[in-house]
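One structure is given here, and the rest of the page talks about it.
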Amino acid sequence: MNLDSLYEEIILDHYRHPHHKGLRDPFDAEVHHVNPTCGDEVTLRVRVGGSNGQGVIEDVSYDTLGCAISQASVSVMADLVMGKPLDEATKAYDEFLSLMQSKGQLEPDEGVLEDAVAFAGVSKFPARIKCALLGWMAWKDATARALAARETPRTNEETA
Ligand code: ZN
């Protein structure tokens, strides 16, 4: 089996059997992202635990509509970031973003990306890059919102 068909198999497997799918409670932030060029949609929730300064991605839950690449990519991303300290999860995000921007020229780091290396070939198809990035962008956005909410004092609690 060559690398391309192995990668295709990984993507189809995550598409058919998505990991961690379904919206769950509790969560700190929820976002809805759309990729209009393909019609992909994702609603994604993030729960960030850990003490201040050392966040941990406790949960990522999501619901998706759209093409196989967009759906498989969210599944792979959730596997990769859940349970990870924030800095490690962000490293995986940065690595995946670099891979998608590489036009097929970057050798993906499997130690960081795990199953996400399967998307390496997608970077050669500009129209599909947004499909692969949709879930990751949603995770990044939701995590930023969750962190911002943590740092802002909850005024209604203070007055209660
Ligand atoms: Zn798509």
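Just for segment 70-86: of the residues that are open to solvent by 10 Å² or more (accessible area, probe 1.4 Å) and either closer than 17 Å to E114 by Cβ or in contact with a His (Cβ under 6 Å, 6 or more places away or on another chain) (or both), which one is farthest from the ligand (Cβ to nearest atom)?
P85
Can you list the helices (runs of 4 or more DSSP H) found entirely within segment 81-160 that contain at least 3 residues being closer than 23 Å to S61 by Cα?
86-100, 126-151
State yes or no: is K103 in contact with a helix residue (DSSP H, G or I) (Cβ under 8 Å, 6 or more places away or on another chain), among the basic types (K, R) and within 26 Å of G22 (Cα to Cα)?
Here the answer is no, as K103 does not meet what is asked.
Taking the conditions exactly as written (under 12 Å from the mean Cα position of the chain (by Cα), among the hydroxyl-bearing types (S, T, Y) and within 16 Å of the ligand (Cβ to nearest atom)), does T37 satisfy them or not?
For T37, the condition - under 12 Å from the mean Cα position of the chain (by Cα), among the hydroxyl-bearing types (S, T, Y) and within 16 Å of the ligand (Cβ to nearest atom) - is not met.
It is to be established whether one or more residues within segment 116-132 are under 10 Å from the mean Cα position of the chain (by Cα) and open to solvent by 10 Å² or more (accessible area, probe 1.4 Å).
no
Just to be sure I understand, how many residues within segment 87-100 are touching a Leu at 6+ places or on another chain (Cβ under 7 Å) and open to solvent by less than 10 Å² (accessible area, probe 1.4 Å)?
Number of matching residues: 4.
Pick from segment 1-32 the residues that are under 30 Å from T152 (Cβ atoms) and surrounded by 19 or more Cβ atoms within 10 Å (Cβ to Cβ): which of them is farthest from the chain's Cα centre (by Cα)?
Out of the qualifying residues, it is D28.
How many residues, within segment 112-148, are within 16 Å of the ligand (Cβ to nearest atom) and without any contact (Cβ under 8 Å) to a residue 40 or more places away in the chain?
5
The values are calculated or read from the model by the stated rules, or taken from the named source; none is laboratory data. Small disclaimer: the values here were computed from a predicted structure and weren't measured. Backbone-built Cβ (ideal geometry, glycine too); neighbour counts: all protein chains shown. Only protein heavy atoms, including side chains, enter the accessible area calculation; ligands, DNA and RNA are left aside. Shrake-Rupley method; radii C 1.70, N 1.55, O 1.52, S 1.80 Å.
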